[in-house]
Amino acid sequence: MARFELKLPKMGESVAEATITSWLKEVGDTIELDEAIVEIATDKVDSEVPSEVEGTLVEIFYQKEDVVAVGETIAIIEVDGEDAEIDTVVASDKDEVSNVAEVEKMVDKAVEVVSTTISKTSDSGKFYSPLVRNIAKAENVSMEDLESIAGSGVDGRVTKEDILSYIENRGNSPKPTPITTSVESIATKQVERTVTKAAPISVNGGDEIVPMSRMGKLIAKHMVDSTQRSAHVQSFIEIDVTNIVKWREKVKETFLKREGEKLTFTPILMQAIATTIKKYPLINIAVDGDNIIKKKNINLGMAAALADGNLIVPVIKNADQLNLVGMTKAVNDLAFRARNNSLKPEEVQDGTYTVTNVGSFGSVMGTPIINQPQVAILALGAIRKVPAVIETAEGDFIGIRQKMFVSHSYDHRVVNGALGGMFIKTLKELLEAWDVNQDF
């Protein structure tokens, strides 16, 4: 019998890990080809991992609520065939996968004679993957030594490269010089711990403690990480959309009859935003260390509300290539399936610019947080009737106009104020020049 390693699949360039939410199969169950085995969740979407083989589930490495890195083996399926281990290629770098396979084979041989002393989670809260723990066992790396390794992975986790580098260099590492601990140093450490530790929140008898949901915790972390990573700056502009409001009112019934889709303001605005991005490609970038990645495609993320109040960002791929009908169909479809939690993993990946409609909640404007690894996000405010000065050849008059604010948050490390401001100025000019007599 052969053993097939079921690995956590790659789910996009910005997704490094996922949470196990439910096992759909138990050890001993028969597995069919393409049958879903486990449900997983990221900060973007919930999905299922199907089997690539037929066989019997013989081993599970992670339990519900465990966080797993992309590429890690999560289960073993026994299949008919020669008594040889089968590896599933998940990573894009073939050499990297080859090296991992070699290390795992080495570990498989050594693990039989080495006692288990490495736990999955240390006393300090650090998580160690099965591969790292197996290498530690094979190379007699103690839990204390493992704790001393500075991890380069997500949240400081120790990766395969980290532990192999430690093993290669541990003989050359200088021994630490004994330090005499003084009363003053102990007191200083105690003061530091007191200062950095968050003050406890007092809870009264009538207060209710509500644990954050899994999605809520993931979103919270994503937001904090973004504010720590990017230098957020905002620009605001007011846009007169009176012509768009009049045009939509005139054509919406015909549009519904002819196309079978409701025409909202969102696809009209999204199409204009995609056109503006095309004029300013340096807003459609990502930052990788000291390098700027100019994105070839314009993939618009569209923040949509879920039933539980959280937000998800489905992505309209190649948005600049869609006409208004195509954009409307894409917007309506993604919004509907987002509300019904039926989005596919690939539909929330590879976004290059995000738009969020804060006006749908009655907000006039907002200061949205950038959706990493993007460098900008646009918030659409509510459309309101306001008194405004109307300039004509006969003079200035006061009239009622339909206006909205848009808020542009951008990463000031790579997007300066001129680019951030000119982007929304051009968007304003495009929308205010809307032809009320045009067809759709």
Cβ-Cβ under 7 Å pairs, at least 6 apart or on other chains, segment 370-385 side within 13 Å of LEU427 (Cβ to Cβ) and among the hydroxyl-bearing types (Ser, Thr, Tyr), far side modelled with pLDDT of 95 or more and crowded, with 17+ Cβ neighbours inside 10 Å: none
Scope segment 254-295; condition surrounded by 15 or more Cβ atoms within 10 Å (Cβ to Cβ) and of a type in the set (Lys, Arg); matching residues: LYS295
Any hit, segment 343-359, residues being in the same structural domain as GLU238 (by TED's automatic domain parsing), without any contact (Cβ under 8 Å) to a residue 60 or more places away in the chain and basic (Lys, Arg): no
Top-ranked residue of segment 296-310 - restricted to ones that are closer than 15 Å to GLN374 by Cβ and touching a strand residue (DSSP E or B) at 6+ places or on another chain (Cβ under 8 Å), ranked as surrounded by the most Cβ atoms within 10 Å (Cβ to Cβ): LEU300
Given (1) surrounded by 19 or more Cβ atoms within 10 Å (Cβ to Cβ); (2) of a type outside the set (Ser, Thr, Tyr); (3) outside any loop (DSSP other than H, G, I, E, B), index of the condition VAL58 fails: (1)
Filter result (of a type outside the set (S, T, N, Q) and buried (at least 18 other Cβ atoms within 10 Å of the Cβ)) within segment 209-231: MET215, LEU218
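May I ask you to list the residues in segment 254-277 that are of a type in the set (Gly, Ala, Ser) and without any contact (Cβ under 8 Å) to a residue 12 or more places away in the chain?
We begin by selecting, within segment 254-277, every residue of a type in the set (Gly, Ala, Ser); these are 260, 272, 274.
Matches in segment 254-277: GLY260 only.
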Hits in segment 339-395 - residues which are among the aliphatic types (A, V, I, L, M), surrounded by fewer than 13 Cβ atoms within 10 Å (Cβ to Cβ) and farther than 19 Å from ILE239 by Cα: ALA393
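For segment 317-333, give me each residue that is within 12 Å of LEU300 (Cα to Cα) and not basic (Lys, Arg).
Of segment 317-333, the ones within 12 Å of LEU300 (Cα to Cα) are 317-322, 327, 330-331.
Matches in segment 317-333: ASN318, ALA319, ASP320, GLN321, LEU322, MET327, ALA330, VAL331.
Those residues that are over 20 Å from LYS246 (Cβ atoms), in a strand (DSSP E or B) and not small (Gly, Ala, Ser), I need them from segment 388-404; list them, please. Lay out the reasoning, then the answer.
Let us first name the residues in segment 388-404 that are over 20 Å from LYS246 (Cβ atoms), namely 393-396.
Now drop any that are not in a strand (DSSP E or B), which leaves 395-396.
ASP396, the sole residue that qualifies.
Any idea which of VAL331, VAL406 is assigned by TED's automatic domain parsing to the domain that holds LYS221 and either under 18 Å from GLU432 (Cα atoms) or touching a Phe, Trp or Tyr at 6+ places or on another chain (Cβ under 8 Å) (or both)? Walk me through it before giving the result.
Values: VAL331 fails: either under 18 Å from GLU432 (Cα atoms) or touching a Phe, Trp or Tyr at 6+ places or on another chain (Cβ under 8 Å) (or both).
Just one listed residue meets the conditions, VAL406.
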Selection from segment 256-287 of residues that are part of a helix (DSSP H, G or I) and touching a Lys or Arg at 6+ places or on another chain (Cβ under 8 Å): LEU256, GLU259, PHE265, ILE268, PRO281, LEU282
Where VAL364 falls short, out of the listed (1) within 19 Å of the chain's Cα centre (by Cα); (2) in a loop (DSSP other than H, G, I, E, B): (1)
Complete set of residues in segment 11-27 that are modelled with pLDDT under 90, part of a loop (DSSP other than H, G, I, E, B) and either at positive phi or not hydrophobic (A, V, I, L, M, F, W, C) (or both): GLY12, GLU13, SER14
Hits in segment 411-440 - residues which are part of a loop (DSSP other than H, G, I, E, B) and more than 30 Å from GLY289 (Cβ to Cβ): ALA433, TRP434, ASP435, VAL436, ASN437, GLN438, ASP439, PHE440
Tally of residues being over 29 Å from ILE283 (Cβ atoms) and either under 13 Å from the mean Cα position of the chain (by Cα) or assigned to a helix (DSSP H, G or I) (or both) across segment 210-240: 3
Every pair of residues 6+ apart whose Cβ atoms lie under 8 Å, when the first sits in segment 208-236 and is free of Cβ contacts under 8 Å to residues at least 24 places away in the same chain while the second is assigned to a loop (DSSP other than H, G, I, E, B) and surrounded by fewer than 14 Cβ atoms within 10 Å (Cβ to Cβ): ILE209/VAL203; ALA220/MET212
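Any residue at all in segment 37-53 that's under 30 Å from VAL224 (Cα atoms), touching a Gly at 6+ places or on another chain (Cβ under 8 Å) and not aliphatic (A, V, I, L, M)? Steps first, please.
Here is the first cut: in segment 37-53, the residues under 30 Å from VAL224 (Cα atoms) are 38-49.
Narrowing further to those that are touching a Gly at 6+ places or on another chain (Cβ under 8 Å): 44.
Right, trim to not aliphatic (A, V, I, L, M) and you get 44.
Yes - at least one qualifying residue is present in segment 37-53.
The values are calculated or read from the model by the stated rules, or taken from the named source; none is laboratory data. The structure displayed is predicted, hence computed values, not measured ones. Every residue, glycine among them, receives a Cβ derived from its backbone with ideal geometry; neighbour counts consider all protein chains shown.
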